[in-house]
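Working notes, beginning with the structure itself.
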Amino acid sequence: GSLIPPSENGASSVPPPTLKQALVAEVLGTYILVQVGCGGLCAGLYMGVFSDAFSMAIIWLLGGMVAVYCVGDISGAHLNPAVSLAFALVRDDLDMKKVPLYWAAQLLGGILAGGINLLIFTAAIADFEEQQGLTRGHSSSIKSAAAFGDYWSLSPGVAG
């Protein structure tokens with residue numbers, strides 16, 4: 001349900017969000033989801049905390065919950081290009097012409113969150129790579145990138 005209270009006749013007295021507001025909300029929501037979720041993966045991989053699959057799942061769940069709560073009433077909180085495409089194809093509340101704009105907003109939010117996580121965990125990443133004997137650019141350095149992407153087979157607590 002909406003957080004905007006209905007007026008006496010049942011309709012909201014607040015105008016619907018503009019496309020610009022929805023796109024900013026998608027940037028923010030995707031940023032929150034990725035920053036919290038990948039931030040948890042960074043803490044788990046590089047610092048050894050939250051290293052089991054259950055903890056990682058809870059962190060992603062909380063990040064998603066906060067993101068949806070913050071922007072759901074503004075943009076629908078798609079937070080993922082596949083969700084935007086699915087909503088455009090199946091539901092009637094997102095015009096297919098807006099999908100590329102939603103995708104761009106989501107990409108921007110993810111990139112911003114990844115950059116912030118990189119800044120936050122720079123020292124921890126360097127320590128991890130040194131301890132593991134990893135050289136960036138070498139095929140084994142994928143172990144260091146695991147916190148920034150969907151490398152489930154390399155994620156702590158998942159691969160076993």
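Computed over protein heavy atoms with a 1.4 Å probe, the carbon and sulfur contribution to the accessible area of the chain reaches 66%. Per residue, the chain exposes an accessible area of 60 Å² to a 1.4 Å probe, with every protein chain left in place. Local charge for Gly72 was computed over the other residues whose Cβ lies under 14 Å away, with Lys and Arg +1 and Asp and Glu -1, and equals -3. Taking a sphere under 15 Å around the Cβ of Ser140 and counting the other residues whose Cβ falls inside, with K and R at +1 and D and E at -1, yields a net charge of 0. Dividing the summed helix terms, -39500 (n - 2.57) for each DSSP H run of n ≥ 4, by the number of residues in the chain produces a 222 nm estimate of -20500 deg cm²/dmol to the nearest 500. Under 18 Å of direct C-alpha separation, and excluding same-chain neighbours fewer than eight residues apart, Lys143 reaches these aspartates and glutamates: Asp52, Asp127, Glu129, Glu130. Local charge for Glu129 was computed over the other residues whose Cβ lies under 13 Å away, with Lys and Arg +1 and Asp and Glu -1, and equals 0. Stick to the Cα atoms of the chain, pair each with every other, and give me the Kirkwood hydrodynamic radius in Å at one decimal. The Cα-based Kirkwood calculation yields 17.3 Å. Among the trypsin sites (Lys or Arg not before Pro) found in the range 25-106, those both in a DSSP coil and sparsely packed, with 11 or fewer other Cβ atoms within 10 Å of their Cβ, are Arg91. Put simply, the C-alpha atoms of the range 74-132 give a gyration tensor, and the ellipsoid matching it has half-axes of 35, 10, 8 Å, longest first.
The values are calculated or read from the model by the stated rules, or taken from the named source; none is laboratory data. The model shown is predicted, which means the values in this text are computed figures rather than measured ones. Here Cβ is always computed from backbone atoms with ideal geometry, including for glycine, and neighbour counts include all displayed protein chains. Only protein heavy atoms, including side chains, enter the accessible area calculation; ligands, DNA and RNA are left aside. Shrake-Rupley method; radii C 1.70, N 1.55, O 1.52, S 1.80 Å.
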